[in-house]
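Step one of this worksheet: look at the structure below.
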Amino acid sequence: MDLFAEQERKNAAAVRPLAARMRPRNLAEFVGQKQLLAPGKLLRRLIDADRLGSVILFGPPGTGKTTLAQLLALETGRYFAQLSAVLHGVKELREVLAAARERLATSAQGTLLFIDEIHRFNRAQQDALLADVEDGTVTLIGATTSNPYFAVNGALLSRSQLLEFLPLSEEELTQLLSRALSDRERGLAHLKVEVEADALEHLARLCEGDARQALSILETAALSMAPPVRLTRELFDESLARRAIQYDVSGDEHYDCASALIKSIRGSDVDAGIYWLARMLEGGEDVRFLCRRLVILASEDIGNADPQALPLAVACFQACEQIGLPECQLTLSQTVAYLALAPKSNAATTAISQARQDVRQHKIVPVPKHLRDGHYAGARQLDRGVGYQYAHDHPEGVVAQSYLGIDREYYQPVPRGFEQQLQQRLAQLRQQLKLAQDAP
């Protein structure tokens, strides 16, 4: 009977995915996050001193956040309670907190409460945690793939340590894959798998730091083959099918990739610009957002160094609206390439910024009387428009008269592209106009 029960247990375990079966059973088996768990690092010190408080773990999926939470409960002797912000609400949360208070009162055992996807809790749900986190009834371990500064309210952040999880390195993923292949109890050793040279390293590169995905693909590839099993790079490519791009159109990836795109174009790195464009398109970014950013950049970072940049960006916007994906990716690529290679100037950006700062912080400059509207009855009696000189009546189309009334120079063209010509012309114009400014 005992042998039958043991076999049933093994059969049940075998049904679980490989990634679940291979979860570390203690901290010694945990792979990755050395910046937190290596000797002398923050989290390791807290564990060793038994001073673990509430923490928010944030980082990409498949990096060990859930696993570490379970191990922390084991290491600290706390009762482990788990909720998912996707599946549970305030009712279940209050039940768990009430049980934690009862457990602490009757057995003096603390509770480690792990909340997966904590950013999915709304403000009221997060606020329900505050009192029990504050008085130590529960040690909160929150996990999120979003930036906690965007997703978790400030009151909860102030009561928690923020610990960032990084994608696993290729070496760490390869170590996990090798362990899964050699483990007879939980892994795939019973299949007697043969592995092509560099195949595991290739899979590790494909999975970009996601241990769960790496183990899932390994299992899919191994189980899809009739014995004898030979794992190859091509088999892993087939098992992966098409990689899911980690991209949240409303979160960190959206803002970080947009920032990288703009900064690459501003820095004249056309290849980087094309890559970040591709990354955003593959992630499902809104084409209109991309077009808006390119139109803004054309004025902000190129300006009159290449006056064709803005019309091209606007034309790109119009073309993308009319064509749509996938064809408009060609227009976007052309535009990104042109803007990246164009000469750069932020002279227009700096000029309007300084002028608006003057308007906000200094005394408002009155419109000179000769520039005021003189088209209504009685304007001349008020001396409006009197003395204005029409520029086109002069041979050079420029007349020495004051247009501002004070000495200010906002626009400073750079010695690049077309602005180099504007720089020379501006020096002549300012010299002519200054005669009027200096006149008594």
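Among the listed residues Cys291, Cys257, identify the single one that is modelled with pLDDT under 95, buried (at least 18 other Cβ atoms within 10 Å of the Cβ), under 30 Å from Tyr149 (Cα atoms) and out of contact with any strand residue (DSSP E or B) (no Cβ under 9 Å at 6 or more places or on another chain).
Cys257
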*Mind counting the residues in the stretch 25-45 that are in contact (Cβ under 8 Å) with a residue 24 or more places away in the chain, part of a loop (DSSP other than H, G, I, E, B) and exposed (fewer than 14 other Cβ atoms within 10 Å of the Cβ)?*
1
*With Glu95, Glu75 as the choices, which residue is part of a helix (DSSP H, G or I), modelled with pLDDT under 90 and surrounded by fewer than 17 Cβ atoms within 10 Å (Cβ to Cβ)?*
Glu75
*Starting from the stretch 365-383, take each residue that is modelled with pLDDT of 80 or more and list its partners that are among the hydroxyl-bearing types (Ser, Thr, Tyr) and outside any helix (DSSP H, G or I), counting only C-beta distances under 8 angstrom and pairs at least six apart or across chains.*
Pro368/Ser402; Pro368/Tyr403
_Of all residues making up the stretch 3-24, the number that are within 18 Å of Leu215 (Cβ to Cβ) and either modelled with pLDDT under 90 or outside any loop (DSSP other than H, G, I, E, B) (or both)_ = 8
*Can you tell me which of Leu312, Leu339, Leu332 is in a helix (DSSP H, G or I) and more than 23 Å from Tyr255 (Cα to Cα)?*
Leu312
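List the helices (runs of 4 or more DSSP H) inside the stretch 183-242, counting only whole elements, that have at least 3 residues being over 19 Å from Pro17 (Cα atoms).
In the stretch 183-242, the matching helices (runs of 4 or more DSSP H) lie at 199-207, 233-240.
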*Does at least one position in the stretch 134-145 carry a residue that is more than 18 Å from Leu52 (Cα to Cα) and within 33 Å of the chain's Cα centre (by Cα)?*
yes
*Among the numbered conditions (1) closer than 27 Å to Leu36 by Cβ; (2) without any contact (Cβ under 8 Å) to a residue 24 or more places away in the chain, tell me where Ile115 comes up short.*
(2)
_Test: Tyr376 is aromatic (Phe, Trp, Tyr) and surrounded by fewer than 11 Cβ atoms within 10 Å (Cβ to Cβ)_ = yes
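The values are calculated or read from the model by the stated rules, or taken from the named source; none is laboratory data. This one's a predicted model, so the numbers in the text were calculated from it and none came from an experiment. Methodologically, a virtual Cβ is constructed for each residue, glycine included, from the backbone with ideal geometry; neighbour enumeration extends over all protein chains shown.
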